[in-house]
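Take a look at the structure below.
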Amino acid sequence: MSAAPAPQPGIMEIELYQGGASKVDGVTDVVKLSSNENPHGPSPAAMAAAQAAVAEMNRYPNTDHASLRAAIADVHGGLDPDRIVCSVGSDEIIHLLCQCFAGPGDEVLHTHHGFLMYAISARAAGAAPVSAPERDRRVDVDALLDAATERTRLVFIANPANPTGTLLGGQDLVRLADGLPEGCLLVLDGAYAEFAEEFDGGLTLAGTRANVFVTRTFSKMYGLGGMRVGWGYGSRDVIDVLNRVRGPFNLSNIALAAAEAAVRDRDFVEMCSADNAAQRARLRAGLAALDIPSDPSEANFVLARFADEAEAADCDAFLKSRGVIVRHPRSYGLPHCLRMSVGDAAGTGRLLDALVAWRAG
């Protein structure tokens, strides 16, 4: 029997991505706070649009996503729809950016605690992922500029960051964009941008600088994680390149209809944003009362810090025994932490009650 073909260099260095757990053996009543999902689900408008689109499952979707791009452009203050590309979650755009702009001999730069898909997509393209240190779990612009070389093709920043929840301010973003080498693209991953107050996720910067690109998702604020819809915004030159390699039918009729209805349902978004801010503050205050530190978060999760990995693991196990599932971000280089999604009032209450019981011993 002939041998299987060898994979491209870098592929076997990829560690499989593990999503947040959703069940606990022996426990039936669980609250999942491990994947930063919207506890309110999708908007009623999005669900109705998806149900209506079911009747057209026999039809191929359009390839230009014109209606969804127009809706995104309108809602976000009159963006140029021709500078928007739609994708299967923002993960697909991250992967396409690496495929199109990086390869063997090139480097893809990210922060030390950056989203795992940056390194995965870099290696899949044959490029070398490079990690720059952070400062107190925050993006360090100087460290990134020091790490950038003539081989750097892409720089990925999650802003607000996952799994820390911290935010890099506007002037720091400008300094980073202006300081990168020629021919290097700064990618601002705004998966959680809707949860940060008075922050456009870098859209204004991407509108004025050809070396800045923004990615967004419908998986978090809009509650469409199961639909897998994302989008990106940048120069027409970058958009043209991505459209040449993305699958022409990458988004289904149902996903397109749900996403368009979701982005236009501003009342639902405002409700979710306000409730997230209230429950996030409640969670941080509850952690502080238990002497569990956390950084101010601009996302829909809080990163709680413990004395060491053993204490974090002990708390994680206790929470699971109470049917509360959070995430232990060892793979992000934060073994002494637990990332806790912000739930609704009931979910946050269960988490805090369980933490009180754990601390009481």
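The values are calculated or read from the model by the stated rules, or taken from the named source; none is laboratory data. Because the structure is a prediction, the values reported are computed rather than measured. Neighbour counts run over all protein chains shown; Cβ positions are idealised from the backbone, glycine included.
Among the residues of region 335-361, write down those that are assigned to a loop (DSSP other than H, G, I, E, B) and modelled with pLDDT of 95 or more.
PRO335, HIS336, VAL342, GLY343, ASP344
Looking at region 262-274, is at least one residue more than 29 Å from GLY226 (Cβ to Cβ), of a type in the set (Asp, Glu) and either without any contact (Cβ under 8 Å) to a residue 40 or more places away in the chain or in a helix (DSSP H, G or I) (or both)?
No, there is no match, as no residue in region 262-274 is more than 29 Å from GLY226 (Cβ to Cβ), of a type in the set (Asp, Glu) and either without any contact (Cβ under 8 Å) to a residue 40 or more places away in the chain or in a helix (DSSP H, G or I) (or both).
Return the residues of region 285-304 that are closer than 17 Å to TRP358 by Cβ, of a type outside the set (A, V, I, L, M) and not in a strand (DSSP E or B); say none if nothing qualifies.
Passing the criteria: GLY286, ASP291, PRO293.
Kindly provide the set of residues from region 196-220 that are in contact with an Asp or Glu (Cβ under 9 Å, 6 or more places away or on another chain) and surrounded by fewer than 24 Cβ atoms within 10 Å (Cβ to Cβ), ordered by number.
Result: ALA196, GLU197, PHE199, GLY201, GLY207, ARG209, ALA210, ASN211, SER219.
What strands (runs of 3 or more DSSP E) lie completely within region 84-151 and have 1 or more residues being hydrophobic (A, V, I, L, M, F, W, C) and in contact with a His (Cβ under 7 Å, 6 or more places away or on another chain)?
By residue number, 84-87, 128-132.
Note down all Cβ pairs under 6 Å where the first residue falls in region 102-126 and is among the charged types (D, E, K, R), the second is surrounded by fewer than 22 Cβ atoms within 10 Å (Cβ to Cβ) and in a loop (DSSP other than H, G, I, E, B), and they're at least six residues apart or on different chains.
Qualifying pairs under 6 Å: ASP106/ARG151; GLU107/ARG151; ARG123/GLY10; ARG123/ILE14.
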